[in-house]
Amino acid sequence: MKQKTIIAVSGTANIGKSITISSLGRQIVAAGGTSPDDVTAKDYRAVINYLGKVIGIQTYGDTEDLVQSGLDALLNHNCDIIVIASKGYGATVDAIGAFAGTKGYRLIWTSPYEVRDSSIPTAAIKDYGASHLLLMVNDIISGRL
């Protein structure tokens, strides 16, 4: 792993940030990760031990206070990778950027996949997006990213 990393999943309300990130947590556990936290809920904060690294996940983050408290809590767990939800603008973006800059994390911004014509069920496209996030996590751990 080259550097500690934050993956910020950003966007407006109700586009599936939480669903995508919560699916990622379940996929990490299914791939061999272990966590004392409940990753079966839609909204949660969890710490997962995976491939010798500590992954922190927070599925919610629509306010600066929620984002900041989540980042602080996950930092206290010495997370190598943090995946967190964020609005796509304003104070939450600023809080994540400031945190990354002062705590030595690089920052990757991404957005949930969307299908607006209902041709793919919401759960299916969010799970698909989460599987791509899992590939990113694996590539970060392996040093490819």
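The values are calculated or read from the model by the stated rules, or taken from the named source; none is laboratory data. Not measured: the values here are computed from a predicted model. Please note: Cβ atoms are built from the backbone with ideal geometry, for glycine as well, and neighbour counts cover all protein chains shown. Accessible surface is based on the protein model in full, side chains and every heavy atom, while ligands, DNA and RNA are left aside. Shrake-Rupley method; radii C 1.70, N 1.55, O 1.52, S 1.80 Å.
Remarks
- Checked against the criterion of being at pLDDT below 95 and open to solvent by less than 30 Å² (accessible area, probe 1.4 Å), segment 60-67 has at least one qualifying residue.
- Some residue of segment 73-82 being in contact with a Cys (Cβ under 9 Å, 6 or more places away or on another chain), over 21 Å from ASN14 (Cα atoms) and touching a residue at least 12 places away in the same chain (Cβ under 8 Å): no
- Residues in segment 90-125 that are open to solvent by 60 Å² or more (accessible area, probe 1.4 Å) and in a loop (DSSP other than H, G, I, E, B): SER111, TYR113, GLU114, ARG116, ASP117, SER118, SER119, ILE120, PRO121.
- Here ILE28, ILE55 are screened, and the one residue that is under 15 Å from the mean Cα position of the chain (by Cα), at pLDDT 95 or above, assigned to a helix (DSSP H, G or I) and more than 22 Å from GLU114 (Cβ to Cβ) is ILE28.
- Hey, ALA73 touching an Asp or Glu at 6+ places or on another chain (Cβ under 7 Å), assigned to a helix (DSSP H, G or I) and over 22 Å from HIS132 (Cβ atoms) or not: no
- Figure legend. Inter-residue proximity from segment 88-111: first residues more than 16 Å from TYR60 (Cα to Cα) and at pLDDT below 95, second residues open to solvent by 40 Å² or more (accessible area, probe 1.4 Å) and not in a helix (DSSP H, G or I), beta-carbon distance below 9 Å, spacing 6+ or different chains. No pairs are indicated.
- Among the residues making up segment 101-145, those that are among the hydrophobic types (A, V, I, L, M, F, W, C) and within 14 Å of the chain's Cα centre (by Cα) are LEU107, ILE108, TRP109, ALA130, LEU133, LEU134, LEU135, MET136, VAL137, ILE140.
- In a residue-by-residue description of segment 36-44, the property of being surrounded by 16 or more Cβ atoms within 10 Å (Cβ to Cβ), out of contact with any Phe, Trp or Tyr (no Cβ under 6 Å at 6 or more places or on another chain) and of a type in the set (Gly, Ala, Ser) applies to no position.
- Scan of segment 11-20 for residues that are open to solvent by less than 50 Å² (accessible area, probe 1.4 Å) and not hydrophobic (A, V, I, L, M, F, W, C), ordered by number: GLY11, GLY16, LYS17, SER18, THR20
- Failed condition for SER23, given (1) under 21 Å from THR122 (Cβ atoms); (2) free of Cβ contacts under 8 Å to residues at least 60 places away in the same chain; (3) open to solvent by less than 80 Å² (accessible area, probe 1.4 Å); (4) of a type outside the set (A, V, I, L, M, F, W, C): (2)
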